[in-house]
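A.B. asks: The following block contains the structure, expressed as structure tokens.
The values are calculated or read from the model by the stated rules, or taken from the named source; none is laboratory data. Remember, it's a predicted structure, so these values are computed and weren't measured experimentally. Ideal geometry is used to build each Cβ from the backbone, glycine not excepted, and the neighbour counts take in all protein chains shown.
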Amino acid sequence: MPKLISVNTKRETIRVGKYLKEIVTISDSAGKVLKEVVQPLMMEVYPRDVLQMVVGATLLAVPVSFTEEVWKLGATLPTLNILAIAVLSVLFVAMFIHHNFYADHLPTHRAEFIKRVFLTYILALGVSLLILTIIEQVPPESLMIGLKRAVIVSFPASMSAAVADMIK
């Protein structure tokens, strides 16, 4: 049977250059350092994060935008349903981002969390709208239909944007 020892964990946030890092120090009850780990702390949004979100959103926005089902749904679904899709998208993105970035740090980085969630969704919505406009699925006479289509496309696009943002 393995010997159980009592350990203490200390977390410290430092800035190396312009990036935040977290140092996790694990020590035994006598204070002897057993392990020290330095890992990136992804609390702040940098230009590279924005680029990753755009690329990630594009990964799923392109194939979904080209489906006739999306075009028909955008034209036929009631506005309330479209709003529900938008809220669900933001909620899923928020849960994913919270779990992967902010789970241990939300109280001290709440504003950055909210910023990252909404930036992820807005970028995915923008990419979706751009692609739909390019393929002429945002009719000038009915911009509301185009916006509805973009909200539908942004559901998977926002999730792929969040996943791509996580990759470092």
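A.B. asks: For segment 9-60, which positions are more than 26 Å from A111 (Cα to Cα), loosely packed, with under 12 Cβ neighbours inside 10 Å and polar (S, T, N, Q)?
C.D. replies: T9, S29
A.B. asks: Hey, could you check segment 70-84 for residues that are buried (at least 16 other Cβ atoms within 10 Å of the Cβ) and of a type in the set (A, V, I, L, M, F, W, C) and say which is nearest to the chain's Cα centre (by Cα)?
C.D. replies: Here is the first cut: in segment 70-84, the residues buried (at least 16 other Cβ atoms within 10 Å of the Cβ) are 70-71, 73-74, 77, 82.
Imposing the further condition that a residue be of a type in the set (A, V, I, L, M, F, W, C) reduces the set to 70-71, 73, 77, 82.
Working: V70: 23, W71: 25, L73: 25, L77: 26, I82: 20 Å.
Ranking the qualifying residues of segment 70-84, first place goes to I82.
A.B. asks: Does T67 meet the test of being surrounded by fewer than 11 Cβ atoms within 10 Å (Cβ to Cβ), of a type in the set (S, T, N, Q) and modelled with pLDDT of 95 or more? Before the answer, list the steps.
C.D. replies: Numbers: surrounded by fewer than 11 Cβ atoms within 10 Å (Cβ to Cβ): no; of a type in the set (S, T, N, Q): yes; modelled with pLDDT of 95 or more: yes.
So T67 does not fit the description; no.
A.B. asks: Just to be sure before I move on: is A30 of a type in the set (G, A, S), under 30 Å from T133 (Cβ atoms) and either not assigned by TED's automatic domain parsing to the domain that holds I97 or not in a strand (DSSP E or B) (or both) in the structure I sent?
C.D. replies: Details: of a type in the set (G, A, S): yes; under 30 Å from T133 (Cβ atoms): no; either not assigned by TED's automatic domain parsing to the domain that holds I97 or not in a strand (DSSP E or B) (or both): yes.
No: the conditions fail for A30.
Results for (1) among the basic types (K, R); (2) assigned to a loop (DSSP other than H, G, I, E, B); (3) out of contact with any strand residue (DSSP E or B) (no Cβ under 7 Å at 6 or more places or on another chain); (4) within 21 Å of P63 (Cα to Cα), shown as yes or no for each residue.
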position: F96; (1), (2), (3), (4): no, no, yes, no
position: A111; (1), (2), (3), (4): no, no, yes, no
position: L119; (1), (2), (3), (4): no, no, yes, no
position: L123; (1), (2), (3), (4): no, no, yes, yes
position: I131; (1), (2), (3), (4): no, no, yes, yes
position: E136; (1), (2), (3), (4): no, yes, yes, yes
position: V151; (1), (2), (3), (4): no, no, yes, yes
position: S160; (1), (2), (3), (4): no, no, yes, yes
position: A164; (1), (2), (3), (4): no, no, yes, yes
